[in-house]
Amino acid sequence: MALTVRVVSPDKTVWDATAQEVILPSTTGQLGILSGHAPLLTALDTGVMRVRPSSTEDWVAIALMGGFAEVESDEVTILVNGAERGDKIDLEAARAAYNQAEAKINQIQNASRQEQIQATQALKRARARFQAAGGML
């Protein structure tokens with residue numbers, strides 16, 4: 001039996017298809033979902049979701065920018081602040097954004113706490129996009 005997986009961001013539905021398996025970046029670590037999984041509601045961290053569609057053995061990477069996932073009756077509903085499929089992300093642009101965010105983190109050691117938090121969040125978002133695009137495997 002297959003899972004029905006939906007990834008919904010505020011401006012679009014990023015994924016709506018059946019899948020064999022899903023791996024989510026929960027706030028407590030990676031979380032694997034297979035058919036028959038117990039009902040679950042979990043917070044998601046900024047990171048890469050991996051989904052294996054029913055039609056193929058290949059994995060699809062999707063960068064998630066935090067949110068929530070609900071699993072019930074072989075339906076996985078993922079509501080996120082932002083999401084982007086890895087195959088739609090320009091790898092070199094993602095690499096450049098990641099390098100820039102990493103450089104900024106190294107420069108702000110004496111910055112305010114708010115600036116440090118913003119830089120850390122920007123680095124997490126850039127890392128997720130870069131990983132989803134195929135970098136840093």
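Scanning region 48-78 for residues that are farther than 26 Å from T28 by Cα and open to solvent by less than 90 Å² (accessible area, probe 1.4 Å) yields S54, T56.
For region 105-133, the set of residues classified as over 18 Å from M49 (Cβ atoms) and open to solvent by less than 60 Å² (accessible area, probe 1.4 Å) consists of I105, I108, A111, S112, Q116, A119, A122, L123, listed by residue number. Hey, any hits in region 5-14 for a residue that's touching a Phe, Trp or Tyr at 6+ places or on another chain (Cβ under 9 Å) and among the acidic types (D, E)? Checked region 5-14: no residue is touching a Phe, Trp or Tyr at 6+ places or on another chain (Cβ under 9 Å) and among the acidic types (D, E). Among the residues examined, A63 does not qualify as touching a residue at least 12 places away in the same chain (Cβ under 8 Å), more than 15 Å from the chain's Cα centre (by Cα) and outside the structural domain of R125 (by the TED database).
The residue of region 35-47 that is surrounded by the most Cβ atoms within 10 Å (Cβ to Cβ), among those that are of a type in the set (G, A, S) and assigned to a strand (DSSP E or B), is G47.
Residue count for region 79-104 satisfying the condition of being part of a helix (DSSP H, G or I) and surrounded by 14 or more Cβ atoms within 10 Å (Cβ to Cβ): 9.
Across region 51-69, the qualifying residues are those that are in contact with an Asp or Glu (Cβ under 8 Å, 6 or more places away or on another chain) and not hydrophobic (A, V, I, L, M, F, W, C), and the one among them that is nearest to I23 (Cα to Cα) is R52. I'd like the residue in region 45-60 that is under 8 Å from the mean Cα position of the chain (by Cα) and of a type in the set (A, V, I, L, M, F, W, C) and, out of all such residues, is nearest to T4 (Cα to Cα). Checking each candidate, the answer is M49.
The values are calculated or read from the model by the stated rules, or taken from the named source; none is laboratory data. None of these values were measured; they are calculated from a predicted model. When we count neighbours, we look across all protein chains shown, and the Cβ atoms used for this are built from the backbone with ideal geometry, even at glycine. Accessible surface areas use protein heavy atoms only, side chains included; no ligands, DNA or RNA. Shrake-Rupley method; radii C 1.70, N 1.55, O 1.52, S 1.80 Å.
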